[in-house]
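Each reported figure results from applying straightforward, stated rules to the coordinates on display, with no laboratory input. Just so it is clear, the structure is predicted and the values come from calculations on it, not from any experiment. Neighbour counts are summed over all protein chains in view; Cβ atoms, including those assigned to glycine, are modelled from backbone coordinates with ideal geometry.
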Amino acid sequence: MLDGFMRKLIEPPLNRVGEVLARRNIGADHITLLGLAFGIAAATLIASQQYTTGLVLLLISRLADGLDGAVARASRKTDFGGYLDIVSDFVFYGAVPFGFVLANVEQNAVAGAFLLWSFYFNGATFLGYAILAEKHKIKTESRGSKSLYFTGGLLEGTETIALFIAFCLWPAGFAILAYIFGVLCFVTASARVILAKQVFGSGKSKQ
């Protein structure tokens, strides 16, 4: 829901930094992998209940996730780069909740499993819609220039990062926040299924 607004806010400075990095021959894929490494490190620290340090690395990871696209736009975008970016994002989004589960298995395991279930459903509807959009030649840049078709929704990347920040600032509230967010993920994914039915159900795409 907030990704479009955040893109307008952060994309201009990221693009300027991306142009500098591109001129220094720093590749977008390398930044993607660096961001993933920071994300895994953040999850590892969270699992050890080092929430503040984990939060710092988490934010660095997401900064890298924004910079890789800026570098690609300033140099050369590739299909593999887009593929690597979305795979890295999914690994990151699964790793952080898993870290909180490991930090307190007794309190967080069921809530974490529910949250990951909702992520799985949401991710399936997102990627499935992107495949159909590509098949029907439907394009959008409402979330910036992307390798995949990005459908909007109640919950997007910005809201998920805000959730992870809240987890780090209030670890004891992980379960309640996970259940609330998970329910909203199911709402978002269900709405996307309904949208897909409206757009693709007739056998003809609607621009």
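Summing Cβ point charges (Lys, Arg +1; Asp, Glu -1) relative to the Cα centre of the chain gives a dipole of roughly 820 debye.
Hey, rough spin-label estimate for Lys197 and Ala166, points 7 angstrom out along Cα→Cβ, what's it come to in nanometres? So the two model labels end up 2.9 nm from each other. Pairwise Cα separations in the stretch 3-200 fall into 10 Å bins from 0 onward with the following percentages, short to long: 9, 33, 36, 19, 3. Here the spin labels are modelled as points 7 Å beyond Cα on the Cα-Cβ line, and at Ile10 and Val91 they lie 2.0 nm apart. Rounded to the nearest 500, the helix-only mean residue ellipticity at 222 nm of the chain stands at -27500 deg cm²/dmol, with each DSSP H run of n ≥ 4 adding -39,500 (n - 2.57).
Taking a span of 20 Å or more along the helix axis (Cα atoms) and a mean Kyte-Doolittle hydropathy of at least 0.0 as the rule, the DSSP H helices of the chain that qualify are 28-47, 51-74, 79-103, 105-135, 174-200. Placing dummy labels 7 Å off each Cα toward the beta-carbon, the span from Thr53 to His136 is 5.0 nm.
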